[in-house]
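The values are calculated or read from the model by the stated rules, or taken from the named source; none is laboratory data. None of these values were measured; they are calculated from a predicted model. Cβ coordinates were reconstructed from backbone atoms using ideal geometry, including for glycine residues, and neighbour counts include every protein chain displayed.
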Amino acid sequence: MAYITAKELSVGYAGTAVAEHLHFEVNQGDYLCIVGENGAGKSTLMKTLLHLIEPLAGDLEYGDGMQRDSIGYLPQLTLVQRDFPASVWEVVLSGNLARCGHRPFYGKQEKHNAKEQMEKLGIWELRGTCYRNLSGGQQQRVLLARALCAATRLLLLDEPVSGLDPRVTAELYQMIQELNHGGITILMVSHDIQAALRYASHILHLGKARQFFGTKDAYLSSDAWRMFAGTGGVLHE
């Protein structure tokens with residue numbers, strides 16, 4: 001059974017839809033990239049999948065035992081997040097909050113989980129450093145480790161490389177691909193169509209004129225891709 005199934009899904013705010021009649025599935029092991037023009041509803045869909053806003057219409061089902069505490073989330077990096085006055089260890093450890101239940105403290109299991117994710121992403125030696133003093137690439141690694149503390153099966157990423165230089169961008173994409181190969185299902189919003197076509201197994205293209213959901217190979221033969229490629233192949237953040 002699919003982790004996520006959307007049928008005739010409409011998303012938006014205050015009763016106004018920004019994306020309508022969406023049909024897609026997210027299955028174990030998928031690497032799904034959500035692409036589309038500016039204002040097509042990519043981030044709005046992400047917030048709906050995270051239960052931060054309710055769907056306007058249609059069905060959104062979670063299967064195969066998928067729970068909220070099985071989903072990790074890496075949001076777009078904002079100026080406020082960049083200046084967060086906490087240590088790297090504190091930021092990553094906070095990803096375990098849902099695991100604590102009603103306990104007002106972190107136990108051995110949560111601390112072990114945080115250490116494991118930090119070692120996986122090569123930031124364990126930064127654990128005592130103030131988060132605000134890190135580079136943009138290091139900060140994204142910290143937030144990714146935090147998301148992995150929450151994620152056991154599914155990771156949602158919203159423009160994870162926005163504002164990063166090309167070298168750091170390539171490193172982060174490589175990390176995400178390795179996580180996917182390691183068994184974590186990826187759902188990523190991206191304006192980087194070249195990265196989507198390189199790494200994704202499936203594409204969800206949102207647009208006013210054309211929408212598409214399917215495999216990457218099928219996307220390259222679709223009307224949605226032909227129309228997009230005809231505009232020069234530039235997506236906006």
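Side notes on the structure shown:
Conditions (1) within 29 Å of Gly29 (Cβ to Cβ); (2) aromatic (Phe, Trp, Tyr); (3) touching a residue at least 24 places away in the same chain (Cβ under 8 Å), marked per residue:
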residue: Phe84; (1), (2), (3): no, yes, yes
residue: Val88; (1), (2), (3): no, no, yes
residue: Lys108; (1), (2), (3): no, no, no
residue: Asn113; (1), (2), (3): yes, no, yes
residue: Lys120; (1), (2), (3): yes, no, yes
residue: Leu134; (1), (2), (3): no, no, yes
residue: Leu144; (1), (2), (3): yes, no, yes
residue: Thr152; (1), (2), (3): yes, no, yes
residue: Asp158; (1), (2), (3): yes, no, yes
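- Residue list for segment 165-194, filter: under 18 Å from Glu37 (Cα atoms) and surrounded by 21 or more Cβ atoms within 10 Å (Cβ to Cβ): Leu187, Met188, Val189, Ser190
- Residue within segment 99-110 that is of a type in the set (Lys, Arg), modelled with pLDDT of 80 or more and surrounded by 12 or more Cβ atoms within 10 Å (Cβ to Cβ) present: no
- Number of residues in segment 138-164 that are small (Gly, Ala, Ser) and either modelled with pLDDT under 90 or surrounded by fewer than 17 Cβ atoms within 10 Å (Cβ to Cβ) (or both) equals 4.
- Neighbours by Cβ (under 8 Å, 6+ apart or cross-chain): first from segment 49-72, exposed (fewer than 12 other Cβ atoms within 10 Å of the Cβ); second part of a loop (DSSP other than H, G, I, E, B) and modelled with pLDDT under 95: Arg68/His51
- Residue match in segment 162-180 (condition: within 19 Å of Gly41 (Cα to Cα), aliphatic (A, V, I, L, M) and touching a strand residue (DSSP E or B) at 6+ places or on another chain (Cβ under 7 Å)): no
- Residue match in segment 74-89 (condition: surrounded by 16 or more Cβ atoms within 10 Å (Cβ to Cβ), at pLDDT 95 or above and among the β-branched types (Val, Ile, Thr)): yes
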